[in-house]
Amino acid sequence: MHNDVRTMEIEFTLDGQTVCCPEGLTVAGAMFHLGRRSVRMTARTAAPRSLFCGIGVCCDCLMQIDERASIRACMTLVQPGMRVVSGQGAATVALEA
Amino acid sequence: MSYPGIVIIGGGPAGMSAAVAIATHGLTCTIVDEGFDLGGQIYRKPTNPACAPAPHPRGEGLRAEVARLGEHINVRTGDSAWGIFDGLRVAITSPDECTELLQPQAVILAPGAHELVPPFPGWTLPGVMTPGAAQILTKTMGVAPGKRVLVAGTGPFLLAVACQLIDAGVHVVSVLEASPRSAWLTLPLHGFRTPAILDEGLAYLTKLARAHVPVRYGRVVVAATGETELNAVEHAPVGAEWFPERNHIETEQVDTLLIGYGFVPRVQLAQMAGCDLELRPDIGGWIPVRDRNLATTVSGIFAAGDGAGVAGSLAAALEGQLAGMAATQFLGAIDEATFTAARHTIEHELARLRPLRSALDKISALQPGLMSLVRDDTIVCRCEEVTWREAREAVCAGSTTYRSLKMTSRAGMGACQGRFCWPFLSRLVAAEVKCPLADIGPPSARPPLGPITLGALASGLQDK
Amino acid sequence: MTDTTDVVVIGGGAIGSSVAFALARHGASVTLLDVSTPGRATSASAGGLWSLGESLGLGCGVILHTAQKGAGDGPAPLPLTFMDFLWESNLRFPSLAAELRTLCGIDIEAEAATGLLYLVYDEEQERHANRIIEWAGSDHGCVEKWTPQHIHNRDPLITYDLRGAIHFPGDNQVNPMLLTEALKRGACAKGARFIAEARVRAFQCSNGRVVAVESDKGTIACGAVVNAAGAWSAQIARLANIEIPIHPVRGQIVCTEALQPGTLRSNLSTRDCYILQKAHGEVIIGSTTEYCDFNIGVRYQDMCNLAAGAIRAVPALRNVMVKRTWAGLRPGTPDELPILGPAVELENFFHATGGFRTGIVAAPLTGEVVAASVLGQTPKFSIEPFLARRFQSLVA
Ligand SMILES: Cc1cc2nc3c(=O)[nH]c(=O)nc-3n(C[C@H](O)[C@H](O)[C@H](O)COP(=O)(O)OP(=O)(O)OC[C@H]3O[C@@H](n4cnc5c(N)ncnc54)[C@H](O)[C@@H]3O)c2cc1C
Ligand SMILES: Cc1cc2nc3c(=O)[nH]c(=O)nc-3n(C[C@H](O)[C@H](O)[C@H](O)COP(=O)(O)OP(=O)(O)OC[C@H]3O[C@@H](n4cnc5c(N)ncnc54)[C@H](O)[C@@H]3O)c2cc1C
Ligand code: FES
């Protein structure tokens with residue numbers, strides 16, 4: 001499946017820790033790549049959730065990305081320096097600086 | 001804002017074909033697709049440069065055509081269409097959170113379909129996902145969905161995905177097909193006019209056999225188990241109407257379950273625009289009512305592809321072409337005779353595809369047994385985490401419409417707007433009030449269709 | 001087959017359910033008929049219990065602007081009797097919540113001490129706010145002026161870019177759907193009957209009285225009828241050849257995803273919108289006031305406006321997802337007061353409508369007074385100002 005192209009590694013933060021993945025991965029893809037299939041905990045029963053539909057319809061894969069509360073991880077490509085936070089229950093908002 | 005021309009929502013085979021038809025006749029159009037590139041579901045391009053692009057001559061051909069006609073076709077990938085207002089105004093938001101209102105003279109809806117998964121115990125566990133989701137991980141990113149994978153559900157798409165996973169070096173344990181083998185054996189009778197499609201199916205089966213991946217017919221997954229992730233799947237043979245024989249349950253240790261029972265058209269934009277819908281369970285559920293020109297009941301809005309009734313990528317491309325021409329004719333840029341002749345040819349092609357497709361639809365038609373898998377504490381509404389007991393009690397207490405059930409149980413109130421729970425819950429309601437499914441209606445669709453931030457919404461103000 | 005009941009209540013929104021509950025509590029046999037019409041006000045509403053804020057026109061700042069134009073310098077755009085009515089009704093929520101919890105196990109999420117904060121951005125609003133505080137502060141002891149610092153200490157997400165706020169400590173909120181559901185089930189627990197999806201089609205009348213109600217689910221002989229069909233109550237009245245000036249007034253809402261509970265502690269109102277976080281975590285941003293037809297579509301420009309207004313008040317909301325938008329139809333009247341009590345034209349036909357933008361807070365008392373009126377008792381709160389006959393010259 002792999003071409004001989006050398007791909008770049010991209011650095012971003014996940015829950016405050018610096019992590020890496022190949023370029024061209026969605027945030028959901030990067031989570032799988034990192035072996036962390038659970039992307040958030042639900043609000044009502046604190047149950048883990050992951051990628052489900054893969055195409056932006058089910059909204060199971062919502063994560064906090066660059067301060068925005070709930071972004072579909074399957075529809076967002078990882079960018080260098082991106083700040084990704086796995087959800088813990090209902091969304092939180094931060095005070096503006 | 002520059003003039004968008006005809007706005008096409010969706011850049012899959014249907015949307016791309018529509019754009020090519022429009023541009024060929026000299027009109028301008030804009031394709032809006034929230035994906036990273038044109039292609040739609042089947043012709044998705046790898047995003048990870050390390051992945052070899054799948055050889056899709058048709059997809060590449062369409063992409064090349066769109067590029068060639070680039071002068072007439074604006075491509076807005078990454079942008080989501082989340083609402084249709086006053087008939088033809090389409091609200092879209094870009095990934096950098098800019099919202100604008102496109103004001104075209106005609107709209108072609110080609111949003112495709114999503115996969116159908118009726119609820120069963122454990123279906124919310126990480127590791128349980130649609131075959132399509134796993135396909136995207138492997139095919140476009142080179143990421144494996146898991147280590148030991150079970151593929152289950154119905155339809156030839158399961159075989160395709162299983163083969164793609166094998167090619168990617170993923171261990172596929174087996175494929176469970178709900179319909180009996182005898183049903184599948186009748187297919188060649190219906191596919192003689194489309195031998196290439198039959199051959200494709202046979203090639204999948206051969207590949208799976210070579211890889212020693214058993215395809216087990218007449219079995220359904222009844223439960224998925226695991227603590228924080230999936231670690232086992234229970235499945236059983238089915239009797240009539242796919243009711244599982246619970247005394248023959250087998251348990252399989254796997255960390256990944258890909259499960260899909262076909263596709264559901266994405267009709268929400270059509271609904272928001274006020275298009276009439278009709279229920280066609282054989283082709284995925286609620287679809288927009290269309291005339292011969294693929295015009296919906298709202299003037300200036302056309303619908304094509306799987307989003308208007310699931311028929312596969314070949315039909316989608318043909319429909320897209322027809323819708324593109326119809327929209328062009330609607331704006332007066334093709335004469336009647338040319339249009340009628342072209343439509344005749346396209347209709348002929350579509351008719352050729354139909355026998356095999358209908359046979360497949362029959363084999364994979366949802367059976368009542370699938371609706372019997374839920375337990376009291378099974379979550380039926382994934383978004384709001386509403387259990388089967390809660391939903392059932394609300395229905396029994398008189399909440400027998402989508403609206404009232406949503407108000408009393410919160411089922412369907414979540415971000416997916418009932419797209420995953422309603423195909424199941426509407427059947428429950430229909431059974432409870434003893435009326436046809438069609439009387440129960442689709443879930444209501446409200447803007448915004450996908451999640452956008454308040455900030456993005458507020459940015460639309462600048463666009464007076 | 002014909003059913004028989006003392007009273008048929010038409011409309012299962014907050015008002016009809018409250019009337020049915022009050023009647024059942026008095027031992028009357030009641031049948032409540034409803035259809036789930038898209039746009040019913042109760043389902044669309046924000047559930048603010050802003051007895052003071054709303055009667056002063058501050059529940060939604062958009063209204064303040066129009067109110068200011070109409071009412072000159074006076075702080076109360078609506079008559080004082082109405083303010084007292086809402087105040088009285090609002091006071092009933094704590095005990096009603098307890099009663100309904102015991103009766104049917106539903107928590108109506110009636111909050112205490114959330115309070116409504118009217119955010120003051122500019123000088124003009126400040127002058128108006130000062131007048132309100134002078135006028136109401138001494139009287140009810142229920143209005144306070146807050147400084148930006150005070151606001152910040154209590155609700156740190158609110159913008160610092162303002163001059164202050166008026167705080168109405170008694171103006172809280174409830175979950176309107178749960179309130180209605182609980183009233184309905186409470187009524188049933190007291191012997192009432194609820195029939196869903198029973199659209200009322202016609203009345204049978206004889207000798208100046210309604211004798212039966214015809215609906216999709218059958219005909220019911222009855223001693224009296226209560227018209228609580230919200231924005232549709234003029235249509236219901238017309239079936240009995242009664243004219244009442246009720247018209248739909250559309251209100252649009254933008255609703256966010258669920259945020260951690262307590263993200264916003266106060267209900268907020270500004271000149272652009274109101275903002276309140278519901279118990280479930282969602283933040284509701286409303287609303288428009290549009291004199292319209294029965295269309296319940298939302299408008300792009302209005303949604304953008306509401307979003308911008310909310311971000312101005314609470315900048316951090318910028319990053320929050322919009323989950324859904326919708327519109328509902330308030331039952332509006334020309335003088336913005338409800339229409340309660342007996343009809344002029346038919347002896348046993350009663351109105352419980354015109355809840356307009358305060359139908360939720362008014363529901364408990366509305367139920368009581370209309371029930372009393374139907375049962376021939378003297379209502380605890382005079383409904384004189386709310387009788388339909390005030391419009392006689394208007395509709396004649
Ligand atoms: C996940 C998945 C994988 C599939 N893989 C295969 C396969 O490998 N082989 C096969 O034969 N069939 C596959 N199918 C079936 C496939 O959908 C159809 O056969 C074919 O792609 C339909 O073409 P279409 O143009 O109608 O829609 P699609 O190809 O689905 O294209 C629709 C496009 O519209 C976009 N879109 C939808 N809504 C919006 C919106 N609101 N705003 C912006 N953009 C929007 C989507 O991003 C998508 O790119 C798959 C289906 C799914 C759901
Ligand atoms: C956006 C919005 C926000 C609001 N916010 C607040 C707030 O914060 N606080 C507050 O106090 N108030 C608020 N209101 C006002 C409040 O919601 C209404 O005044 C109140 O809900 C009116 O209740 P109702 O029972 O009279 O009407 P509805 O809730 O509309 O109920 C009328 C019922 O009658 C039914 N009906 C109609 N025709 C027939 C028929 N032929 N047969 C049988 N049944 C029929 C309808 O389907 C409906 O169920 C708001 C309203 C809106 C629209
Ligand atoms: S997995 Fe369904 S939206 Fe991302």
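The values are calculated or read from the model by the stated rules, or taken from the named source; none is laboratory data. Quantities reported herein were computed from a predicted structural model and do not represent experimental measurements. Cβ placement follows ideal geometry from the backbone for every residue including glycine, while neighbour counts extend to all protein chains displayed. All accessible areas refer to the heavy atoms of the entire protein, side chains included, with ligands and DNA or RNA removed. Shrake-Rupley method; radii C 1.70, N 1.55, O 1.52, S 1.80 Å.
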Note to self: Go through (1) touching a Leu at 6+ places or on another chain (Cβ under 8 Å); (2) in a helix (DSSP H, G or I) for residue B:164 and report which single condition fails.
What the structure shows: (1)
Margin query: If the requirement is being out of contact with any strand residue (DSSP E or B) (no Cβ under 9 Å at 6 or more places or on another chain) and open to solvent by less than 20 Å² (accessible area, probe 1.4 Å), which of these qualifies: C:311, C:284?
Written below: C:311
Margin query: Every residue in the stretch C:229-271 that is more than 14 Å from every other protein chain (Cβ to nearest Cβ), touching a His at 6+ places or on another chain (Cβ under 8 Å) and of a type in the set (Gly, Ala, Ser), please.
Written below: C:231, C:233, C:234, C:237, C:266
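Hey, can you tell me all the residues within the stretch B:72-88 that are within 14 Å of chain C (Cβ to nearest Cβ) and either surrounded by 18 or more Cβ atoms within 10 Å (Cβ to Cβ) or among the basic types (Lys, Arg) (or both)? Step through it out loud before you land on a result.
First, the residues of the stretch B:72-88 that are within 14 Å of chain C (Cβ to nearest Cβ): B:80-88.
Hits for the stretch B:72-88 are B:80, B:81, B:82, B:83, B:84, B:85, B:88.
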Checklist line | Out of B:306, B:335, B:377, sole residue that is out of contact with any strand residue (DSSP E or B) (no Cβ under 7 Å at 6 or more places or on another chain), acidic (Asp, Glu) and open to solvent by 20 Å² or more (accessible area, probe 1.4 Å) | finding: B:335
Check: Does residue C:186 count as more than 14 Å from chain A (Cβ to nearest Cβ), small (Gly, Ala, Ser) and surrounded by fewer than 17 Cβ atoms within 10 Å (Cβ to Cβ)?
Finding: no
Next item on the list: Would you tally the residues in the stretch A:33-70 being within 16 Å of ligand 1 (Cβ to nearest atom), at the interface with chain B (Cβ under 7 Å from one of its Cβ atoms) and not hydroxyl-bearing (Ser, Thr, Tyr)?
Entry: 10
Next item on the list: Check off (1) surrounded by 20 or more Cβ atoms within 10 Å (Cβ to Cβ); (2) within 16 Å of ligand 2 (Cβ to nearest atom) for residue C:319 and give me the number that stays unchecked.
Entry: (2)
Note to self: Checking the structure you have, find out if any residue of the stretch C:262-277 is within 11 Å of ligand 2 (Cβ to nearest atom), open to solvent by 10 Å² or more (accessible area, probe 1.4 Å), closer than 30 Å to residue C:321 by Cβ and in contact with a strand residue (DSSP E or B) (Cβ under 8 Å, 6 or more places away or on another chain).
What the structure shows: yes
Notebook entry, point to check: Would you pick out the residues in the stretch A:52-68 that are without any contact (Cβ under 8 Å) to a residue 24 or more places away in the chain, in contact with a strand residue (DSSP E or B) (Cβ under 6 Å, 6 or more places away or on another chain) and open to solvent by less than 10 Å² (accessible area, probe 1.4 Å)?
Noted result: A:52, A:53, A:56, A:57, A:60
Notebook entry, point to check: Considering the stretch C:289-304 alone, what residues qualify as being more than 7 Å from chain B (Cβ to nearest Cβ) and in contact (Cβ under 8 Å) with a residue 12 or more places away in the chain?
Noted result: C:289, C:290, C:291, C:292, C:293, C:294, C:295, C:296, C:297, C:302
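Residues checked against (1) part of a loop (DSSP other than H, G, I, E, B); (2) more than 15 Å from the chain's Cα centre (by Cα); (3) within 10 Å of ligand 1 (Cβ to nearest atom):
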residue: B:8; (1), (2), (3): no, yes, yes
residue: B:11; (1), (2), (3): yes, no, yes
residue: B:16; (1), (2), (3): no, yes, yes
residue: B:19; (1), (2), (3): no, yes, no
residue: B:23; (1), (2), (3): no, yes, no
residue: B:38; (1), (2), (3): yes, yes, yes
residue: B:53; (1), (2), (3): yes, yes, no
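Just checking, which of B:314, B:279 is touching a Phe, Trp or Tyr at 6+ places or on another chain (Cβ under 6 Å), of a type in the set (A, V, I, L, M, F, W, C), more than 24 Å from residue B:102 (Cβ to Cβ) and surrounded by fewer than 24 Cβ atoms within 10 Å (Cβ to Cβ)?
B:279
Tell me which residues, restricted to the stretch C:223-259, are among the acidic types (Asp, Glu) and farther than 23 Å from residue B:413 by Cβ. Don't jump to the end; show me each part of the working.
Narrowing the stretch C:223-259 to residues among the acidic types (Asp, Glu): C:243, C:257.
Scanning the stretch C:223-259 gives a single hit, C:243.
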Notebook entry, point to check: Regarding residue B:75, is this residue touching a strand residue (DSSP E or B) at 6+ places or on another chain (Cβ under 6 Å), part of a strand (DSSP E or B), under 22 Å from residue B:326 (Cα atoms) and not hydroxyl-bearing (Ser, Thr, Tyr)?
Noted result: yes
Check: Does the stretch B:222-231 contain any residue that is surrounded by 14 or more Cβ atoms within 10 Å (Cβ to Cβ), within 30 Å of residue B:108 (Cα to Cα) and touching a residue at least 24 places away in the same chain (Cβ under 8 Å)?
Finding: no
Next item on the list: Of the conditions (1) within 22 Å of residue B:372 (Cβ to Cβ); (2) crowded, with 20+ Cβ neighbours inside 10 Å, residue B:417 clears all except one; give me its number.
Entry: (1)
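This table checks each residue for (1) closer than 30 Å to residue B:399 by Cβ; (2) touching an Asp or Glu at 6+ places or on another chain (Cβ under 8 Å).
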{"site": "C:115", "(1), (2)": "no, yes"}
{"site": "C:177", "(1), (2)": "yes, no"}
{"site": "C:189", "(1), (2)": "yes, no"}
{"site": "C:206", "(1), (2)": "no, no"}
Note to self: The conditions are (1) open to solvent by less than 10 Å² (accessible area, probe 1.4 Å); (2) more than 9 Å from ligand 2 (Cβ to nearest atom), and residue C:205 fails exactly one of them. Which is it?
What the structure shows: (1)
Next item on the list: Would you mention how many residues in the stretch B:380-396 are of a type outside the set (Val, Ile, Thr) and open to solvent by less than 40 Å² (accessible area, probe 1.4 Å)?
Entry: 8
Notebook entry, point to check: Of (1) surrounded by fewer than 23 Cβ atoms within 10 Å (Cβ to Cβ); (2) part of a strand (DSSP E or B), residue B:91 satisfies all except one. Which?
Noted result: (1)
Item checked: Enumeration of residues in the stretch C:115-139 that are open to solvent by 60 Å² or more (accessible area, probe 1.4 Å) and at pLDDT below 85 -> C:131, C:134, C:135, C:138, C:139
Checklist line | Subset tally (residues that are under 20 Å from residue B:252 (Cα atoms) and within 20 Å of the chain's Cα centre (by Cα)) for the stretch B:164-204 | finding: 2
Note to self: Looking only at helices (runs of 4 or more DSSP H) that lie completely in the stretch B:347-451, which have at least 1 residues being at pLDDT below 90 and farther than 23 Å from residue B:279 by Cβ?
What the structure shows: B:388-396, B:402-409
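I'm trying to understand the selection: among the residues of the stretch B:40-51, which are among the small types (Gly, Ala, Ser) and either over 21 Å from the mean Cα position of the chain (by Cα) or open to solvent by less than 10 Å² (accessible area, probe 1.4 Å) (or both)? Walk me through how you get there before you give the answer.
Initially, the stretch B:40-51 is screened for residues among the small types (Gly, Ala, Ser), giving B:40, B:50.
Scanning the stretch B:40-51 gives a single hit, B:50.
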Margin query: With the requirement that a residue be under 18 Å from residue C:236 (Cβ atoms) and β-branched (Val, Ile, Thr), what does the stretch C:337-389 give you?
Written below: C:339, C:344, C:353, C:366, C:370, C:374
Next item on the list: Starting from residues that are more than 28 Å from residue B:242 (Cα to Cα) and among the β-branched types (Val, Ile, Thr), keep the ones in the stretch B:339-389 and report whichever is nearest to the other protein chains (Cβ to nearest Cβ).
Entry: B:346
